[in-house]
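Enquirer: Below is one structure. I have some questions about it.
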Amino acid sequence: MAYIDGYLVPVPTANRETYRQVAQKASAVFKEYGALKVVECWGDDVPEGKVTSFTMAVKRKEDETVVFSWIWWPSREVRDVGMKAAMADPRLKEGMDPMPFDGQRLIYGGFDVIVDA
């Protein structure tokens, strides 16, 4: 079954277009190395929580927006090889100096798909 890499990151709201351009270019690289789909979602209705929330998880600042993203891979094995190759590809570094977000507050993880309806 499929495998998902999920990401949550705070992006300065002023960097929306820069982030979108970098993400668009990066999506082509990930797909070249085996990803089936790359989705980047700009937060639009992301409420503050009392105990926990997306905004709290990434320590979002007033001038930032939460971005929720995922990369859909056909399998963990394809992801492991593809992600390693993508991270070594110099195209992923384009537009990242300076980074359009605070990479220290990026949250990520890999997930086995258990329902795909």
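Enquirer: Identify the residue in segment 36-54 that is out of contact with any strand residue (DSSP E or B) (no Cβ under 7 Å at 6 or more places or on another chain) and surrounded by 11 or more Cβ atoms within 10 Å (Cβ to Cβ) and, among all such residues, is farthest from Trp73 (Cα to Cα).
Expert: So, considering only residues that are out of contact with any strand residue (DSSP E or B) (no Cβ under 7 Å at 6 or more places or on another chain) and surrounded by 11 or more Cβ atoms within 10 Å (Cβ to Cβ), the one farthest from Trp73 (Cα to Cα) is Gly49.
Enquirer: Which condition breaks for Lys59 when tested against (1) at positive phi; (2) surrounded by 14 or more Cβ atoms within 10 Å (Cβ to Cβ)?
Expert: Lys59 satisfies all of (1) at positive phi; (2) surrounded by 14 or more Cβ atoms within 10 Å (Cβ to Cβ) except (2).
Enquirer: Something else about it: Got a sec? Which of Tyr33, Tyr7 is hydroxyl-bearing (Ser, Thr, Tyr), under 28 Å from Asp116 (Cα atoms) and in contact with a strand residue (DSSP E or B) (Cβ under 7 Å, 6 or more places away or on another chain)?
Expert: Tyr7
Enquirer: With the checklist (1) closer than 18 Å to Tyr19 by Cβ; (2) in contact (Cβ under 8 Å) with a residue 60 or more places away in the chain; (3) of a type outside the set (A, V, I, L, M) in hand, flag the one item Pro74 doesn't pass.
Expert: (1)
Enquirer: Wholly within segment 1-94, which helices (runs of 4 or more DSSP H) include no fewer than the required count, namely at least 2 residues that are modelled with pLDDT of 95 or more, closer than 23 Å to Phe111 by Cβ and over 16 Å from the mean Cα position of the chain (by Cα)?
Expert: Once the helices (runs of 4 or more DSSP H) in segment 1-94 are filtered for at least 2 residues that are modelled with pLDDT of 95 or more, closer than 23 Å to Phe111 by Cβ and over 16 Å from the mean Cα position of the chain (by Cα), what remains is 76-88.
The values are calculated or read from the model by the stated rules, or taken from the named source; none is laboratory data. Bear in mind that the values here come from a model prediction, so they are computed numbers and not experimental data. For neighbour counting, all protein chains shown are included, and Cβ atoms are generated from backbone atoms with ideal geometry for every residue, glycine included.
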